[in-house]
Amino acid sequence: MQKIEHLGIAVSDLEKSKGLFEKLLGSPAYKEEEVASEHVITSFFRNGPNKIELLQATSADSAIAKFVEKRGEGLHHIAFAVDDIYAEMARLKAEGFRLLSEEPKRGADNKLICFIHPKTANGILVELCQEIR
Ligand code: CMX
């Protein structure tokens, strides 16, 4: 595991939350991207060396829609940058973590991603992400 790559925050109204985070961080979002496979639209902010991803559901089937309905808006996941996602998935699986997919998927911001079930990670949804080179 390398550094924290970003924090993911579930929101119900992306436009409204973008305005709020622009005021909070004092800088605009640098990117907006829809990830159709995950049923989300995302906005990314930079804060020094760190990144924050706002996520709004685009369908009722989205993990974000379910999360917001059940728990309200808020911190949804912590993403860690990894150098080799296949090796890291194998290592974490062997350590007893439950991976939410057998293969990495394509995520936002040019990444291969894989999630770890929060019930096996102290209630935190963990995302692994590797830059697509
Ligand atoms: N953080 C912490 N706990 C969470 C959670 C989250 N983000 N999302 C769900 N949970 C909790 C639920 O509240 C539930 O808790 P209780 O049993 O105590 O009530 C528990 O996890 C188990 O839930 P589940 O019934 O197994 O599964 P859900 O249908 O709630 O789905 C999860 C949870 C994590 C498996 C699902 O959201 C998932 O597959 N996530 C990965 C994909 C994803 O999040 N995509 C959106 C982001 C995409 C992107 O970043 O590009």
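Some notes on this structure:
- Restricting the stretch 98-113 to residues that are open to solvent by less than 80 Å² (accessible area, probe 1.4 Å) and more than 9 Å from the ligand (Cβ to nearest atom) leaves a set whose member that is farthest from GLU53 (Cα to Cα) is LEU99.
- For the stretch 64-86, a tally of residues being in a helix (DSSP H, G or I) and either in contact with a His (Cβ under 8 Å, 6 or more places away or on another chain) or within 17 Å of LYS3 (Cβ to Cβ) (or both) returns 4.
- None of LYS93, LYS31, LYS70 is open to solvent by 50 Å² or more (accessible area, probe 1.4 Å) and either touching a helix residue (DSSP H, G or I) at 6+ places or on another chain (Cβ under 7 Å) or near the ligand (Cβ under 9 Å from one of its atoms) (or both) except LYS70.
- Qualifying residue in the stretch 122-131 (condition: more than 21 Å from ILE9 (Cβ to Cβ) and part of a helix (DSSP H, G or I)): no
- Identity of the residue in the stretch 43-67, among the hydroxyl-bearing types (Ser, Thr, Tyr) and either in contact with a Lys or Arg (Cβ under 6 Å, 6 or more places away or on another chain) or farther than 17 Å from PHE115 by Cα (or both), that ends up surrounded by the most Cβ atoms within 10 Å (Cβ to Cβ): SER43
The values are calculated or read from the model by the stated rules, or taken from the named source; none is laboratory data. Here the structure is a predicted model, which means the values were calculated and not measured. We place every Cβ from the backbone using ideal geometry, glycine too, and count neighbours over all the protein chains shown. In case anyone asks, the SASA skips ligands and DNA or RNA and just uses the protein heavy atoms, side chains included. Shrake-Rupley method; radii C 1.70, N 1.55, O 1.52, S 1.80 Å.
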